[in-house]
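Only one structure is covered here, and it is reproduced in the block below.
The values are calculated or read from the model by the stated rules, or taken from the named source; none is laboratory data. Quick caveat, the model's predicted, so the values are computed rather than measured. Ideal geometry is used to build each Cβ from the backbone, glycine not excepted, and the neighbour counts take in all protein chains shown.
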Amino acid sequence: MTPSRTVLIAGAGIGGLTASLALAAKGFRVIIIEKAERLEEAGAGLQLSPNASRILIGLGLRERLAAHALVPDAVSIMSVRRGGEVCRLPLGEAAAAYGAPYWVIHRADLQAALVDQVRADPNIELRLGTAFEDATMSGTGVTVGLRASDARREETPWVLVGADGVWSALRDQLFPNIRPQFSGLIAWRGTIETARLPATPTAPRVTLWMGPDAHLVAYPMSGGQRINVVAIVPGNWNQPGWSEPGDAADIMRRFATAGWPEPARAMIGAIDGWRKWALFTSPSLPAWHSGATALLGDAAHAMLPFAAQGAGMAIEDAAVLAQCLAEATENAGGATAALARYTHLRRERVARVQRLAQQNGRIYHLKGVAALARDLGITALGARRMLARQDWIYNWRP
């Protein structure tokens, strides 16, 4: 393996780990740096639709992930105004049509599977407790300053990839005037043992409750033993981070005063420990790359989670980035051209998903006559046509 085929990735989240595997599969040597001393679960559950799961399966992760993931039979769309279900999308049938499963999985299980696969690959080196400091472009690539145990060192990879999240240090260097924007929404998350809920569908299912100025998503994970619950409400609290403790009394009051049906309130009330995070999005960047550096995932395009595609878009980014670099000539000019192509291939699709997520959030939170029109419209479309509206997302292939 020659130095010219080395890619350094800043960030060992889902996007960074997937990118390392995709790049190693194309013959690259990969170094992943992560400022955390150890990798810990951030968040709770997540959804991997077929566009993402087929990439992970292609990287050899089917067995590792299938042991922990569940395949929901449907998405049940519930309306507070209606007091119950307005539509049920048949995900089980869709998986066969799309040629890849729709998985729900604990984020920690996904991360653990990716890390195990990374550590088993001799072409990938994972360095924990190592932070990105700065990057300097040169005619042969990029010089990256790193900090580990209070000591500075430098690496000179062919390409540097920033997969370090919404508060990306590399993005701050490339585009110092671009800052994440608070959406005015707060996500509360918690989990509950399935056995503690009095009425749980016998088949695994994603449930979406749409209500006035708020919505609620729940689905099973951890082999069906636990239910992941995410409640989205407006608010002013906007501290960065993924895991701030939340006051259970606060979130219970919000749902008790809005006329939410008993099944939704029972789910909220059954959770003992809530965590909350403020939802930030990234403004549109002038580019996702500069010279031999590129951004990936939330570092490039943090989005609202209302299309269940945050992880999916990072996984797609990883696959496209690896393909573009594999087709490039091994010099600085080749890297720059490849990263420009990566940006070109990804920006329009990701922007469309971002717009969909924003639109979904507005639709979920309608009230009064607008909520009635929404419910009637969903019912009129029917389950199959509603699901078909996702074809452009789920059928995507790199």
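Would segment 255-277 turn up any residue that is farther than 23 Å from Ala195 by Cβ, out of contact with any helix residue (DSSP H, G or I) (no Cβ under 8 Å at 6 or more places or on another chain) and part of a helix (DSSP H, G or I)?
no
Considering each residue of segment 335-354, count those that are modelled with pLDDT under 95 and touching a strand residue (DSSP E or B) at 6+ places or on another chain (Cβ under 7 Å), and give that number.
Residues in segment 335-354 being modelled with pLDDT under 95 and touching a strand residue (DSSP E or B) at 6+ places or on another chain (Cβ under 7 Å): 1 in total.
Test Ala328 against the stated conditions and say whether it is in contact with a helix residue (DSSP H, G or I) (Cβ under 7 Å, 6 or more places away or on another chain), without any contact (Cβ under 8 Å) to a residue 40 or more places away in the chain, surrounded by fewer than 24 Cβ atoms within 10 Å (Cβ to Cβ) and farther than 27 Å from Leu48 by Cα.
Answer is yes for this residue.
Would you check which residues across segment 270-300 are in contact with a Gly (Cβ under 9 Å, 6 or more places away or on another chain), of a type outside the set (A, V, I, L, M, F, W, C) and either modelled with pLDDT of 90 or more or under 22 Å from Val320 (Cβ atoms) (or both) and list them?
Arg275, Lys276, Gly291, Thr293, Gly297, Asp298 - these are the residues of segment 270-300 that are in contact with a Gly (Cβ under 9 Å, 6 or more places away or on another chain), of a type outside the set (A, V, I, L, M, F, W, C) and either modelled with pLDDT of 90 or more or under 22 Å from Val320 (Cβ atoms) (or both).
Given the conditions (1) surrounded by 15 or more Cβ atoms within 10 Å (Cβ to Cβ); (2) at pLDDT 95 or above; (3) assigned to a helix (DSSP H, G or I), which single one is not true for Leu387?
(2)
Restricting to segment 19-76, and then to whatever is buried (at least 24 other Cβ atoms within 10 Å of the Cβ) and β-branched (Val, Ile, Thr), can you tell me which residue is nearest to Gly241 (Cα to Cα)?
Across segment 19-76, the extreme among qualifying residues is Ile33.
Can you tell me which residue in segment 297-319 is nearest to Asp213 (Cα to Cα), limited to those that are of a type in the set (Gly, Ala, Ser) and not in a loop (DSSP other than H, G, I, E, B)?
Gly310
Out of (1) under 21 Å from Gly269 (Cβ atoms); (2) crowded, with 16+ Cβ neighbours inside 10 Å; (3) in contact with an Asp or Glu (Cβ under 7 Å, 6 or more places away or on another chain), what's the single condition that is false for Gln225?
Checking Gln225 against (1) under 21 Å from Gly269 (Cβ atoms); (2) crowded, with 16+ Cβ neighbours inside 10 Å; (3) in contact with an Asp or Glu (Cβ under 7 Å, 6 or more places away or on another chain), the one that fails is (2).
Is there any pair with a first residue in segment 116-144 that is modelled with pLDDT of 95 or more and a second that is loosely packed, with under 14 Cβ neighbours inside 10 Å whose Cβ atoms are under 6 Å apart and which are 6 or more apart or on different chains, and what are they?
If the second residue must be loosely packed, with under 14 Cβ neighbours inside 10 Å, the pairs left are Leu128/Glu37; Gly129/Glu37.
Quickly run through segment 208-231 and pick out the residues that are farther than 20 Å from Asp272 by Cα and of a type outside the set (Asp, Glu). Break it down into steps so the answer makes sense when it comes.
Taking segment 208-231 and keeping what is farther than 20 Å from Asp272 by Cα, we get 208-214, 223.
Once the filter is applied, which keeps residues that are farther than 20 Å from Asp272 by Cα and of a type outside the set (Asp, Glu), segment 208-231 yields Leu208, Trp209, Met210, Gly211, Pro212, Ala214, Gly223.
Conditions tested, residue by residue: (1) farther than 25 Å from Gly224 by Cβ; (2) touching a Pro at 6+ places or on another chain (Cβ under 7 Å).
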residue	(1), (2)
Ala52	no, no
Glu63	no, no
Pro72	no, yes
Val80	yes, yes
Ala112	no, no
Thr143	yes, no
Ala148	yes, no
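Among (1) modelled with pLDDT of 90 or more; (2) crowded, with 19+ Cβ neighbours inside 10 Å, which single condition is Met267 missing?
Going through (1) modelled with pLDDT of 90 or more; (2) crowded, with 19+ Cβ neighbours inside 10 Å one by one, Met267 breaks only (1).
Taking Gln323 as the residue in question, decide whether it is of a type in the set (S, T, N, Q) and crowded, with 19+ Cβ neighbours inside 10 Å.
So Gln323 fails the test.
Considering Arg171, Arg189, Arg147, Arg152, which residue is under 24 Å from Ala22 (Cβ atoms) and either part of a strand (DSSP E or B) or of a type in the set (D, E, K, R) (or both)?
Only one candidate qualifies: Arg171.
Give the residues of segment 353-376 that are surrounded by 13 or more Cβ atoms within 10 Å (Cβ to Cβ), assigned to a helix (DSSP H, G or I) and not hydrophobic (A, V, I, L, M, F, W, C), sorted by residue number.
Gln354, Gln358, Gln359, Asn360, Gly361, Tyr364, Arg374, Asp375
Out of the residues in segment 55-113 that are among the charged types (D, E, K, R) and over 30 Å from Val369 (Cβ atoms), which is nearest to the chain's Cα centre (by Cα)?
By that ranking, first place goes to Arg107.
Within segment 66-79, is even one residue among the polar types (S, T, N, Q), part of a loop (DSSP other than H, G, I, E, B) and within 20 Å of Ala383 (Cα to Cα)?
No, segment 66-79 contains no residue that is among the polar types (S, T, N, Q), part of a loop (DSSP other than H, G, I, E, B) and within 20 Å of Ala383 (Cα to Cα).
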